[in-house]
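Below is one structure; the comments refer to it alone.
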Amino acid sequence: MTSTPDYAEKIPNNVDLADDRRLQRALESWQPNFLSWWESMGPTLPTRDVYLRTAVNVGREGWAHFGHVAMRDYRWGIFLAERDPDRRIGFGEHQGEPPWQKVPGEYRSDLRRLIVIQGDTEPASVEQQRNLGATAPSLYDLRNLFQVNVEEGRHLWAMVYLLHAYFGREGREEAEELLHRNSGSQDAPRILGAFNEETPDWLSFFMFTYFTDRDGKYQLGTLKESAFDPLSRTCEFMLKEEAHHMMVGTTGVDRVVERTVQLTVEHDSDEVAARGGIPLDVIQKYLNFHYSVSLDLFGGETSTNVANYYTAGLKGRWLEGRRRDDHKLTSDSIMVDTVDEDGQIAQAEVAALVGLNTDLRREYIADCEGGVKRWNRILESAGLEARLKLPHVAFNRKVGAFAGIEATPDGERLSAQEWDLRRGEWLPTEVDKTHVRSLMRPVHERGKIAAWIAPPRNGINGQPFDYEYVRLA
Ligand SMILES: [Fe+2]
Ligand SMILES: [Fe+2]
């Protein structure tokens, strides 16, 4: 069972850490390393305090507390969702058995790998976003950035807790490595491609929190199904926090589109760049980039590793419990993307188990469509003809079946030469990026907002937009 966290403790937690001295000491010795990583790789803008949400419990009634805290004193805690004594493994060869409270020896290295890959993404995004505070369009946005950053820090804690508690010396070594690898580093980069890309401006930040944090949601969703109960409970609670990150992305893009629409209508011209806005075609290019690199995070169309993880019960499907099949998939099939002998984009039928990456990516794509619909409603209700859209799955891919080919956002094949000539039509060019960066001037005054983005409809935790969300140092 979980206990109630005590904030007087060095490491707030609901896992009875005080009862396990060895583990407590191990985590307390990792803590200063985490803090020095935060100091050197975390947010660069000096602040006095920030209006932040801190997780204080996992129950239904009020799990978070809001208040001004100095960021260095933020209480990164360890929280697992309540243990369900009736839970049963929902899929694979152990379906129906009670979940594991310890790691079975034969799955040790696979589970460790899954936790490390997830864990690596958490600090990576903090590193990618570290300089954004200097150009925040409002104090509200600045606060949201920092909220996302501290919670990604907490997600690192969540994974490090599992590594320390269940994987012995190797787990402790991996926990160190999570602080040594850095986003974009030449010698020790982060594990996954999208987490080594830059997040140099706020349009990128909103696209990142929409598309890349959403990949995180889907990965956590599969781990939440895990037969390894502590992992399942950890991910369940992380998903709760993750929802806010995606809200930041969804409404962030809303507000950029809304401002672009306003400028277009006001001046009856789509030359919004000259008027301090971001043109819709530039928004589309940023969308194309972030969506396509996020699709790569789901891996190849087929994977025998992932099939084995599923059969073993390590990692399930998105909303496994709602799937109407046998949850073993040994006799099912799925159509996956491929490139046929003529080099054309095609589909091939494979065993459902090896196609699980495709299954997850499709769930993700369907979810991404939701954002595009929403942004298009803003365009539509202003009477504009233009629309945003998700590019074809073959567009700009570096992983999987389409890694070796080039395609337009409509899914037409291109030669490498044509791609080089035309990529600037679909991906942000230096000119586009320079324009976007030129707009990134800080607005750190209460109740004010930059000219390239509309204000939010709602503040945080019922506070107004002009609330003092951040006090700068
Ligand atoms: Fe996260
Ligand atoms: Fe996140």
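Which of the residues belonging to region 114-154 are part of a loop (DSSP other than H, G, I, E, B), out of contact with any Leu (no Cβ under 8 Å at 6 or more places or on another chain) and surrounded by 24 or more Cβ atoms within 10 Å (Cβ to Cβ)?
P137, S138
Out of curiosity, is G96 surrounded by 20 or more Cβ atoms within 10 Å (Cβ to Cβ), outside any helix (DSSP H, G or I) and of a type in the set (G, A, S)?
In short, no.
So which pairs qualify, if the first residue must be in region 236-263 and within 12 Å of ligand 1 (Cβ to nearest atom), the second must be part of a helix (DSSP H, G or I) and of a type in the set (S, T, Y), the Cβ gap must be under 9 Å, and the two must be at least 6 apart or on different chains?
If the second residue must be part of a helix (DSSP H, G or I) and of a type in the set (S, T, Y), the pairs left are H245/S125; H245/T209; M246/T209; M246/Y210.
Report, by residue number, each residue of region 180-210 that is within 16 Å of ligand 2 (Cβ to nearest atom), in a helix (DSSP H, G or I) and not β-branched (V, I, T).
Answer for region 180-210, where residues must be within 16 Å of ligand 2 (Cβ to nearest atom), in a helix (DSSP H, G or I) and not β-branched (V, I, T): A194, F195, S204, F205, F206, M207, F208, Y210.
Scanning for something on the phi < 0 side of the Ramachandran plot, crowded, with 17+ Cβ neighbours inside 10 Å and not in a helix (DSSP H, G or I), does region 357-373 turn up at least one residue?
No, region 357-373 contains no residue that is on the phi < 0 side of the Ramachandran plot, crowded, with 17+ Cβ neighbours inside 10 Å and not in a helix (DSSP H, G or I).
Condition check: touching a Gly at 6+ places or on another chain (Cβ under 7 Å) and either within 14 Å of ligand 1 (Cβ to nearest atom) or aromatic (F, W, Y) (or both). Does F228 satisfy that?
So F228 does not fit the description; no.
Among the listed residues I365, I345, which satisfies the condition of being among the aliphatic types (A, V, I, L, M) and under 30 Å from V272 (Cβ atoms)?
Within the list I365, I345, the selection yields I365.
Return only the number of the condition from (1) more than 10 Å from ligand 1 (Cβ to nearest atom); (2) closer than 20 Å to L192 by Cα; (3) β-branched (V, I, T) that V150 does not satisfy.
Only one criterion is unmet by V150, namely (2).
Checking P456 against (1) under 26 Å from the mean Cα position of the chain (by Cα); (2) surrounded by fewer than 14 Cβ atoms within 10 Å (Cβ to Cβ); (3) part of a loop (DSSP other than H, G, I, E, B), which single condition isn't satisfied?
Answer for P456: the failing condition is (2).
Which residues, counting only those in region 103-131, are β-branched (V, I, T) and over 15 Å from E174 (Cβ atoms)?
Filtering region 103-131 down to residues β-branched (V, I, T) leaves 103, 115-117, 121, 126.
Scanning region 103-131 gives a single hit, V126.
For region 393-416, give me the residue count where each residue is within 17 Å of D296 (Cα to Cα) and free of Cβ contacts under 8 Å to residues at least 24 places away in the same chain. Steps first, please.
Residues of region 393-416 within 17 Å of D296 (Cα to Cα): 393-409, 411.
Within this subset, residues satisfying the condition of being free of Cβ contacts under 8 Å to residues at least 24 places away in the same chain are 403, 406, 408.
Adding up the residues that qualify gives 3.
State all residues of region 211-248 that are among the charged types (D, E, K, R) and either assigned to a helix (DSSP H, G or I) or surrounded by fewer than 24 Cβ atoms within 10 Å (Cβ to Cβ) (or both); if no residue qualifies, say none.
Within region 211-248, D213, R214, D215, K217, K224, D229, R233, E236, K240, E241, E242 qualify.
If you go through region 390-415 one residue at a time, how many are in contact with a helix residue (DSSP H, G or I) (Cβ under 9 Å, 6 or more places away or on another chain), surrounded by 15 or more Cβ atoms within 10 Å (Cβ to Cβ) and within 19 Å of K285 (Cα to Cα)?
Of the residues in region 390-415, 11 are in contact with a helix residue (DSSP H, G or I) (Cβ under 9 Å, 6 or more places away or on another chain), surrounded by 15 or more Cβ atoms within 10 Å (Cβ to Cβ) and within 19 Å of K285 (Cα to Cα).
If you go through region 153-170 one residue at a time, how many are touching an Asp or Glu at 6+ places or on another chain (Cβ under 9 Å) and either within 9 Å of ligand 1 (Cβ to nearest atom) or not hydrophobic (A, V, I, L, M, F, W, C) (or both)?
Final tally of qualifying residues: 5.
More than 17 Å from the chain's Cα centre (by Cα) and within 21 Å of R83 (Cα to Cα) - does that describe any residue in region 166-188?
Yes: region 166-188 contains one or more residues that are more than 17 Å from the chain's Cα centre (by Cα) and within 21 Å of R83 (Cα to Cα).
Test I278 against the criterion of being touching a residue at least 12 places away in the same chain (Cβ under 8 Å), touching a helix residue (DSSP H, G or I) at 6+ places or on another chain (Cβ under 8 Å), within 23 Å of R387 (Cα to Cα) and outside any helix (DSSP H, G or I), and give yes or no.
So I278 passes the test.
Only one of (1) over 25 Å from F465 (Cβ atoms); (2) among the β-branched types (V, I, T); (3) within 16 Å of ligand 2 (Cβ to nearest atom) is not met by V148, so which one is it?
Failing condition for V148: (1).
When the residues of region 34-53 are narrowed to those that are among the hydroxyl-bearing types (S, T, Y) and touching a helix residue (DSSP H, G or I) at 6+ places or on another chain (Cβ under 8 Å), which ends up surrounded by the fewest Cβ atoms within 10 Å (Cβ to Cβ)? Break it down into steps so the answer makes sense when it comes.
Applying the first criterion (among the hydroxyl-bearing types (S, T, Y)) to region 34-53 yields 36, 40, 44, 47, 51.
With the extra rule that they be touching a helix residue (DSSP H, G or I) at 6+ places or on another chain (Cβ under 8 Å), the set shrinks to 44, 47, 51.
Values: T44: 11, T47: 18, Y51: 22.
The residue in question is T44.
Looking only at region 54-68, which residues are buried (at least 18 other Cβ atoms within 10 Å of the Cβ) and in contact with a strand residue (DSSP E or B) (Cβ under 9 Å, 6 or more places away or on another chain)?
If we filter region 54-68 for residues that are buried (at least 18 other Cβ atoms within 10 Å of the Cβ), which is where we start, we get 54-56, 58.
Across region 54-68, the qualifying residues are T54, A55, V56.
Throughout, read-outs are computed from the coordinates displayed, never taken from laboratory work. Quick caveat: nothing in here was measured; it's all calculated off a predicted structure. Don't worry about glycine lacking a Cβ; one is built from the backbone with ideal geometry, like all the others, and counts go over all protein chains shown.
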